[in-house]
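The values are calculated or read from the model by the stated rules, or taken from the named source; none is laboratory data. Predicted, not measured: the structure shown is a model, and the values here were computed from it. Because the Cβ atoms are built from the backbone with ideal geometry, glycine has one as well, and the counts that use them run over all protein chains shown. SASA here: full protein model, heavy atoms, side chains in, ligands and nucleic acids out. Shrake-Rupley method; radii C 1.70, N 1.55, O 1.52, S 1.80 Å.
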Amino acid sequence: MAERKVVFHYPSRLLETPIVSTLVRDFNLGFNILRANVTPGAEGLVVLGLEGSPEDLDRGLAWVEAQGVSVQPLNKDVIRVDEKCTECGACLTLCPTAALWRDPATQRVEFDADKCIACEICVPACPPRAMQVSF
Amino acid sequence: MAKTYSEINTKIAAGTVVVVTAEEMIGLVEADGADKAAERVDVVTTGTFGPMCSSGAFLNFGHSKPRMKVSKAWLNDVNAYAGLAAVDLFIGATELPETDPENTPHPGEFRYGGGHVIGDLVAGRDVRFRASAYGTDCYPRQELDTWLNIRDLNECVLCNFRNAYQNYNVAVNAHADRDIYTYMGVLKKGLANANYCSAGQLSPLLNDPYYRTIGIGTRIWLGGGEGYVFWPGTQHNPTVPRGENGVPKAGAGTLAVIGDLKQMDPRWIVGVSLLGYGVSLNVGIGVPIPILDAEMARFTAVKDSEITAQIIDYSKNYPYCEGAPLGAIDYASLRSGSIEINGKPVPTGSLSSYPRAQEIAADLKDRIATGKFFLGEPSQLLPSADSGQSFKMLVERPVG
């Protein structure tokens, strides 16, 4: 048995498609949903821990991608270098999981590493390049 | 009774000055009214920290042996302008290295440029300096490749021609199927986000909307050191529409500022990379506003909910100078994290750092309160709403 953490990015047209249940039924995979963020009419995003044989995992993930879901392996971290961050807020609306968020009371820009799915969208979008990939 | 600059400076020297930040002034005027607040408060401090592209630095690196009249120069491979005598250079914040891939592939990352060179100088890091010249009888040398450090320069002066914009656009992207990469950040298709760039109620010129106290010679907090306003900034446009409180409803006044980079701190002079756009320089500026009378107390009590900005579509309105703004919105709404455009909720982000603006206003307050910073009385105020001065678009004429 092997386990892989992955992020599925769904286009809105696939939100009704039973992706995960098909992985269980047709590819013998177990799953654990770590995070899900699905907004009707917009993109969906699900972070999963998948379990199964390496062959089943490869076949299953290939099938998911063939459906039009983008699959991102979750094998690295994004970190914030606090000395470089100026708390401007250029990242806020780009972060798909609100791991980067602004406290409305203080206007401070906060980073919750446990919500981060390492999609790296913030990395090149950060003007002082305070967000960095750590392997 | 009206106060003078010299009366306030005497109080600063005596340690009896009353100084508050522009945030604190809001509550004081709400509680006691402008007349009482003006009697009590002598100075209100402001602050702003964000990308200010029209920035740069002059530096004089001293004469080499043999002497050289530099005609082409590069600092960490970024072009510096050398058309100034023999050993003076100007490095502009948005200049790129000749080897930068720019927007190929799009969006380019723009990892390093003039703003970063200035940031490296302020941080005390060595900067590689290459230069070439054609050689003359009095300046025979033709090639140079060495290191510069700010401590060894004769002068290193931050000289920014347009900073501290009085209000700014809120940027959105109404394009249906393409994200865009702008100097206002990444703007997602279909009005999926909105970015603003102003310290709002803490912003210097929004606290003195008619420039009654800010002009040539105003001493300011610049990059952590002291600097001056030396001119109205380029594109200074005081005649835009204003609200009843005098606050411009769109980008209006600007400042040209100057100061010794050797005094500054790398926390407040930061090279930045704007995805798909280019490089720039984040600059921290704080302006002390003397509360000469009740009107200045009222002006400095302006709050985010009373300052509005125009919502501009950066896929069409801005680049092609077409169409009208999509609406207007106040800064309290922008700072709440979400606004409404055409009935749709739109999350907001920003390029200007409010926490850093607060830190600047607080630091300037502390310096004034402890007798370390005195007001500079302007020799001449900036052109105001009655000046007739306005921003002109380029008029192109046929050539040949």
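Of all the numbered requirements in (1) farther than 30 Å from B:Ala194 by Cα; (2) within 14 Å of chain B (Cβ to nearest Cβ), A:Asn75 misses one, and that requirement is (2).
One residue stands out in segment A:111-120 among those that are surrounded by fewer than 18 Cβ atoms within 10 Å (Cβ to Cβ), touching a residue at least 24 places away in the same chain (Cβ under 8 Å) and not small (Gly, Ala, Ser): the one that is nearest to the other protein chains (Cβ to nearest Cβ), namely A:Glu120. Restricted to strands (runs of 3 or more DSSP E) entirely inside segment A:1-110, those with at least 2 residues that are open to solvent by less than 20 Å² (accessible area, probe 1.4 Å) are A:2-10, A:44-52.
Could you list all residues from segment B:51-78 that are under 20 Å from B:Asp152 (Cα atoms) and either among the aromatic types (Phe, Trp, Tyr) or open to solvent by 20 Å² or more (accessible area, probe 1.4 Å) (or both)? B:Phe58, B:Asn60, B:Phe61, B:His63, B:Ser64, B:Lys65, B:Pro66, B:Arg67, B:Lys69, B:Trp74, B:Asn76, B:Asp77 - these are the residues of segment B:51-78 that are under 20 Å from B:Asp152 (Cα atoms) and either among the aromatic types (Phe, Trp, Tyr) or open to solvent by 20 Å² or more (accessible area, probe 1.4 Å) (or both). Taken over segment B:159-179, the criterion of being under 11 Å from the mean Cα position of the chain (by Cα) and among the aromatic types (Phe, Trp, Tyr) is satisfied by B:Phe161, B:Tyr165. Taken as a whole, segment B:338-347 holds at least one residue that is in contact with a Pro (Cβ under 9 Å, 6 or more places away or on another chain), crowded, with 16+ Cβ neighbours inside 10 Å, over 30 Å from B:Lys3 (Cβ atoms) and at pLDDT 95 or above.
Quick grid of which residues meet (1) hydroxyl-bearing (Ser, Thr, Tyr); (2) within 14 Å of chain A (Cβ to nearest Cβ); (3) free of Cβ contacts under 8 Å to residues at least 12 places away in the same chain:
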site: B:Val117; (1), (2), (3): no, no, no
site: B:Tyr139; (1), (2), (3): yes, no, no
site: B:Asn160; (1), (2), (3): no, no, no
site: B:Val170; (1), (2), (3): no, yes, no
site: B:Pro204; (1), (2), (3): no, no, no
site: B:Trp221; (1), (2), (3): no, no, no
site: B:Gly224; (1), (2), (3): no, yes, no
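Scan segment B:353-373 for residues that are more than 9 Å from chain A (Cβ to nearest Cβ), in a loop (DSSP other than H, G, I, E, B) and open to solvent by less than 10 Å² (accessible area, probe 1.4 Å) and the total you get is 1.
Is there a residue in segment A:43-55 that is over 17 Å from A:Phe8 (Cα atoms) and among the charged types (D, E, K, R)?
First, pick out the residues of segment A:43-55 that are over 17 Å from A:Phe8 (Cα atoms): A:52-55.
If we keep only those that are among the charged types (D, E, K, R) as well, we get A:55.
Yes: segment A:43-55 contains one or more residues that are over 17 Å from A:Phe8 (Cα atoms) and among the charged types (D, E, K, R).
Here B:Tyr210 fulfils each of the conditions (1) open to solvent by less than 20 Å² (accessible area, probe 1.4 Å); (2) aromatic (Phe, Trp, Tyr); (3) within 24 Å of B:Leu382 (Cα to Cα) apart from (1). Filtering segment B:6-19 for residues that are assigned to a loop (DSSP other than H, G, I, E, B), acidic (Asp, Glu) and over 20 Å from B:Ala164 (Cβ atoms) leaves an empty set. Considering segment B:334-352, and only residues there that are in contact with a strand residue (DSSP E or B) (Cβ under 7 Å, 6 or more places away or on another chain) and closer than 17 Å to B:Leu206 by Cα, the residue that is farthest from the other protein chains (Cβ to nearest Cβ) turns out to be B:Leu334.
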